[in-house]
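The values are calculated or read from the model by the stated rules, or taken from the named source; none is laboratory data. What you are looking at is a predicted structure, and each value in this text was computed from that prediction instead of being measured. So basically every Cβ, Gly included, is an ideal-geometry build from the backbone, and we count neighbours across all protein chains shown. Note: accessible area is taken over every heavy atom of the protein model, side chains too, but ligands, DNA and RNA are not part of it. Shrake-Rupley method; radii C 1.70, N 1.55, O 1.52, S 1.80 Å.
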Amino acid sequence: MANSKYEYVKLFEADDEVMYPNIIVVRIDGRHFKRFSEVHEFEKPNDERGLKLMNSCACAVLEEYPDIICSYGYSDEYSFVFKLSTKFYQRRASKVMTLIVSYFTSNYTSKWKEFFSQDLCYAPSFRGHTVGCATMEALQAYLAWRQNDCHVNNLFNTCLYTLVKSGKSEEEAQAIIKNADKQEKNELLFQQFGINYKKLPEIFRQGSFVMKGKVEEIVKFSKNGSPVRRSRRKVVVIHSENITSTSFWNSHSTLLEELGSIAKHSGKNTSDFVRSFQSENKLMLSTWIVVRIDGCHFHRFSEVHGFEKPNDVQALNLMNSCAVAVLEEFCDIVFAYGVSDEYSFVLSKDSQMYQRLSSGIVSAIVSTFSSNYVLKWEDFCQQHKLNYPPSFDGRSVCYPSSKILRDYLTWRQVDCHINNQYNTCFWMLVKSGMSKSEAQNFLKGTQTQEKNDLLLHQFGIEYNNLPAMFRLGSSVYSDETKTYNIQQKASIEGCPRKVIVEHCNIIDDNFWKGHTYILNQQGFSDEDI
């Protein structure tokens, strides 16, 4: 990032490292997946296509991130377990969690057509949070809790939807099984419907355990035609009745090597015990919450997908469209500013979104942005196939005053200008025949005016005449005439307001004075302007 006097705002960023030797677990859950499954007509109580899609996404995550050793999932949730010694992104909880949520969401959207014939009606999204398991006993308790939850919920839902399919209403079915214990539910299924619960597919009853295991594969054939096998580490999906038993754990050397041995069942698998290890950062009241997301390895992503340098109009328009979708989804976001592969979303000072829990806010925004990026790709970049799903990381920062918030936004726009001016010069020099290292050396130490002179005299480019989107970035906010009443948002899905994108100077006070409804919505006073 460029240097400027506004960089002091970085001091408000908090360190959220998961301290060693805690085992990092990232758990993700579908957002509003009950509605999502109804809209997309999932089979009840279990849709095998949906579960296999979830498993495929989990496999993709393990293949992408070597530090993840195993994961467990059922329904619309998945938990990813990192190796004990991981230093993945310096063990920063928000970075680690958002990358997993983003990459999982991108894969869910891009893989959808492999499992479902109908198109996605809208972009799916997931929430995430980080659990720091202090001991192997805590990890064992966590995994046992999740698998027990799978069994309890699946048995209940199997009874519920079997009764519904037999003619009962959901209310009647719930009343019948409300106080029934495990044995009574099993008897209900068997005696009334001839269903032996234990013979239902394992993926429904036990969930799915995904891990990097050693698999024997044929690598070649000898001269006499016999196969030559080699042991290789490969991501596999396993269905086991008890993933925390010593026999299961000891039968997989990878788990022992990267996480350690597991003890006999301790019995401490209550939700309260496990939740005590969950990392939840509640953001300070009456402060502006800014969620900034950044593309992960987007330098490589832009090269693979042939983005125009220094700026690709279609790619920037895609980013802007995703930002619009985020504002349409979350009413508490009152303003957003984006440049290149990053976007900053400003939540109102009085926002109670997800009870101001950082993990919920950041993961929901990152996930919604990621799925929209994949879903909208063909609308903007149809000339290039999406070769692999993108990912974004995110963080939340609280700013205590309107002035500091203004300084934050100013910092990002100053950064936009400095970086864009440099990149414009750099890529013009490269296109003129210089190597990248020669262009870097040529520009080293040059000032703003020197770069402007270079562009004008050597390439005939007046920098200030370049598109405003390149020089000023993009500002996203609701239209004054169609602003939605934020107080009514709880009663409906999404946020039905008209969201617009402009490319303007947000450093200038006149921008805020000319958009007083935004200033009033954000709580700015005249002194702040």
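Numerical summary
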{"quantity": "Out of Met434, Met428, sole residue that is hydrophobic (A, V, I, L, M, F, W, C) and free of Cβ contacts under 8 Å to residues at least 24 places away in the same chain", "calculated": "Met434"}
{"quantity": "Residue under evaluation Glu438, criteria (1) open to solvent by 30 Å² or more (accessible area, probe 1.4 Å); (2) charged (D, E, K, R); (3) part of a helix (DSSP H, G or I); (4) touching a strand residue (DSSP E or B) at 6+ places or on another chain (Cβ under 8 Å), criterion not met", "calculated": "(4)"}
{"quantity": "Top-ranked residue in the stretch 7-20 [being open to solvent by 50 Å² or more (accessible area, probe 1.4 Å) and more than 21 Å from the chain's Cα centre (by Cα); ranked as farthest from Ser85 (Cα to Cα)]", "calculated": "Tyr8"}
{"quantity": "The lone exception for Asn452 - which of (1) open to solvent by less than 60 Å² (accessible area, probe 1.4 Å); (2) outside any helix (DSSP H, G or I) it fails", "calculated": "(2)"}
{"quantity": "Selected residue [closer than 16 Å to Leu99 by Cα and either in contact with a strand residue (DSSP E or B) (Cβ under 7 Å, 6 or more places away or on another chain) or open to solvent by 20 Å² or more (accessible area, probe 1.4 Å) (or both)] from Tyr65, Tyr78, Tyr74", "calculated": "Tyr78"}
{"quantity": "Selection from the stretch 159-197 of residues that are open to solvent by 20 Å² or more (accessible area, probe 1.4 Å), in a helix (DSSP H, G or I) and small (Gly, Ala, Ser)", "calculated": "Ala175"}
{"quantity": "Matching residues, the stretch 232-253, being hydroxyl-bearing (Ser, Thr, Tyr) and open to solvent by less than 70 Å² (accessible area, probe 1.4 Å)", "calculated": "Ser240, Thr244, Ser245, Thr246, Ser253"}
{"quantity": "Members of the stretch 298-314 found to be open to solvent by 10 Å² or more (accessible area, probe 1.4 Å), among the hydrophobic types (A, V, I, L, M, F, W, C) and assigned to a helix (DSSP H, G or I), listed by number", "calculated": "Phe298, Val304, Val313"}
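One line per residue, one yes/no per condition, for (1) more than 17 Å from the chain's Cα centre (by Cα); (2) closer than 30 Å to Leu84 by Cβ:
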{"residue": "Asn22", "(1), (2)": "yes, yes"}
{"residue": "Val25", "(1), (2)": "no, yes"}
{"residue": "Ser37", "(1), (2)": "yes, no"}
{"residue": "Glu41", "(1), (2)": "yes, no"}
{"residue": "Gly50", "(1), (2)": "yes, no"}
{"residue": "Asp67", "(1), (2)": "yes, yes"}
